[in-house]
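One structure is given here, and the rest of the page talks about it.
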Amino acid sequence: MSDALKVIRSADRIGTQQVIAQLITNFFPLHGDRVSGDDPALTVGTGLFHQRAVVVAGVNRGATLEERQRYHFGAVAPAGYRKFIRGLELAEKFKRPVITLINMPGADASVAAEDDGQNLAIADAITKMNGLRVPNIAVFLGEGESGGALALATSNRLIMFTNSLYSVASPEAIQTILKGHVAAKQTLDHILPMQAAALKKLGLTDVVLPETGDLVQSLDNALQQQLAQLSKLSTAELIEQRQNKYLELVAQFAE
Amino acid sequence: MSHLPKSNLWQTCSACKRHVHQGQWGEFNICPYCGHYQRLNADQRLVLLTDTKSFTALPPVNIKQQRHFPGYTVKLQEAQEKTGETEAFLAGTAAIKQQKVVIGVMDSQFMMGTLNTVVGAGIRQAIRTALSQRLPLILVIASGGARMQEGILSLLQMNTILAELTKLNEAGILTISVLTDPTMGGVTASFALESDFVFAEQGATIGFAGKRVIQQTNSAALPIDFQTAERLYRQGFLDAVIKRENLRTYLGRLLMIQAGDLNE
């Protein structure tokens, strides 16, 4: 787990800007949420993916210290979620599939985010993704935790790189509540599934991509394949497939 | 026999720390010295909000698989012994000022009302009941957020509950949230604030990130009324901040307006 965390948090991990530069042509970003400002931590825009118009939303963590400060270390602010909803509305208007790229820390823990209605912005984004009338595919390039990640990840298809993780809270936060309880040989992922392979077994993750070779190239192939499958579904089928996937998964535990 | 008083007659107010005799709390469980609202369990809350003997609980949630997080089973048992409930959520049909509703109550005394697979299933069941019986849904919320011990499955309660809630909106069913102390984390980032009307009980703490976490990442002092119902009301996130003793009257008045809706 700690090795995986090092990889996905390193400065040279593939990020949103690299994926967009290599896979999307004519990318045009939206600026601002038309309420309170622009959140640089989340890029939302539209462009062409193999001649098909798509909407892309991706978190920026930044590589250099300067970048990381500018992007607020990838902690998406309420304005970011509202800009994301703008992107989703654009996608529905023009029937464009949505691709989200996730590598982000937990919530933006700040007075400003609380005062700006972070909780409601996240809830609105989850609701919009739940009922989205076009296909959506979420890609975990790195980590995603808490409600913010859920807002970007509630989708028809979930693609994860092997080292990436999706969790209710950061591994560090979960370690804290585990103190004094954990058996030495058990890994955190074993206790609480959060890494790609464990979540695939759970039925949450659809595609696990290897960490070898050209990562962007393998993502390109996976996206094309999943988009081709989803484009056969009607609007009603897309919504049903997405909602049932999650409802059936949680109903396995309690109903 | 013992000349000592029976146990539990005296309790300490969680705010002013003064000793309060059982008879002094009154029917609303308010500290006679400082006016602080004591946290209520689900049963106490139902007594305050619903007409006498009108509550009928929904069938219990079927628990199919338990997560095996170290120390979790013991914690659950302790919470069950303490509260006499199986989980942190209780729902049923009831009447409020003679108007039939589905009401669900989260119990902050049961593992801080945290959202897990069972609580989530209970909330979805309450929503589905409101939909099938075409009754208004009232959710009384008290929660520390997602329950860490059930990991990603707790997180996925948020989108699945929201998906069901959307169906109520599409069907034109009234939804009301009453946020009580505390309403935090994933619960606020999903269903708590998405109802037609969002009320808070006076003095409730409401927020997404915990104060301690915010303090750790920011050096500046927090505003004195940070994450209070009163501040959120001023900022426009709540429709009303209501005294505990007035909650039932407020709900009754809001429900009554429905009688004036055109029925197709």
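Laboratory data are not the source of any read-out in this text; all were calculated from the coordinates shown. As the structure is a computational prediction, the values presented were derived from the model and not from experiment. Cβ placement follows ideal geometry from the backbone for every residue including glycine, while neighbour counts extend to all protein chains displayed.
Of the trypsin sites (Lys or Arg not before Pro) found in segment A:20-111, those in coil by DSSP whose Cβ has at most 13 other Cβ atoms within 10 Å are A:34, A:95. Taking a Cβ cut-off of under 14 Å around residue B:255, the surrounding Lys, Arg, Asp and Glu residues balance to a net charge of +2, with basic ones at +1 and acidic ones at -1.
Measuring between their Cα centroids, segment A:8-50 and segment A:224-255 lie 26 Å from each other. With K and R counted +1 and D and E -1, the other residues having a Cβ less than 11 Å from that of residue B:166 yield a net charge of -1. Sort out for me the Cα centre separation of segment B:88-122 from segment B:158-223, rounded to whole Å. Comparing the Cα centres of segment B:88-122 and segment B:158-223, I get a distance of 15 Å.
Of the residues B:36, A:190, the one with the fewest other Cβ atoms within 10 Å heads the list, and the complete ranking is A:190, B:36. The string of couplings for segment B:82-97 from the Karplus curve (6.51, -1.76, 1.60, θ = phi - 60°) is 5, 9, x, 10, 7, 8, 8, 9, 10, 9, x, 9, 7, 10, 10, 6 Hz, one whole number per residue in order, with x for Gly and Pro.
One chain, two ends: residue B:253 and residue B:58. Fully extended at 0.36 nm per residue, the span grows by 67.7 nm beyond their Cα-Cα distance. Helices in chain B, meaning DSSP H runs of at least 4 residues, each add -39500 (n - 2.57). Divided by all residues, the mean residue ellipticity at 222 nm is -9500 deg cm²/dmol.
In summary, the lysines within cross-link reach of residue B:100, defined as a Cα separation below 17 angstrom excluding same-chain residues under 8 places away, comprise B:53.
Excluding same-chain neighbours fewer than eight residues apart, the lysines reachable from residue A:95 by a Cα-Cα span under 19 Å are A:83, A:128, A:232.
Among the listed pairs A:6/B:75; A:93/A:245; A:200/A:245; A:200/B:75, those whose Cα-Cα separation exceeds 21 Å are A:6/B:75; A:93/A:245; A:200/B:75.
Counted by neighbouring Cβ atoms within 10 Å, the residues B:148, B:106, A:194 run from fewest to most as B:148, A:194, B:106. For the protein assembly as shown, the residue among A:48, B:237, A:140 whose Cα projects farthest onto the positive side of the dipole built from Cβ charges is B:237. Per residue of chain A, the DSSP helices (runs of n ≥ 4 H) give a summed -39500 (n - 2.57) that works out to -13000 deg cm²/dmol at 222 nm.
Between residue B:240 and residue B:78, what FRET efficiency comes out of the Förster formula 1/(1 + (r/R0)^6) with R0 = 22 Å and r the beta carbon distance, rounded to 0.05? Given R0 = 22 Å and the Cβ-Cβ separation, E is 0.05. Taking segment A:146-177 and a reference point 7 angstrom along Cα→Cβ of residue A:5, the backbone N atoms nearer than 17 Å belong to A:146, A:163-177.
Each of residue B:218 and residue A:235 was given a label point 7 Å from its Cα along the Cα-to-Cβ line. The distance between the two points is 4.0 nm. All other residues whose Cβ lies under 14 angstrom from that of residue A:30 are scored, Lys and Arg at +1 and Asp and Glu at -1, for a net of +2.
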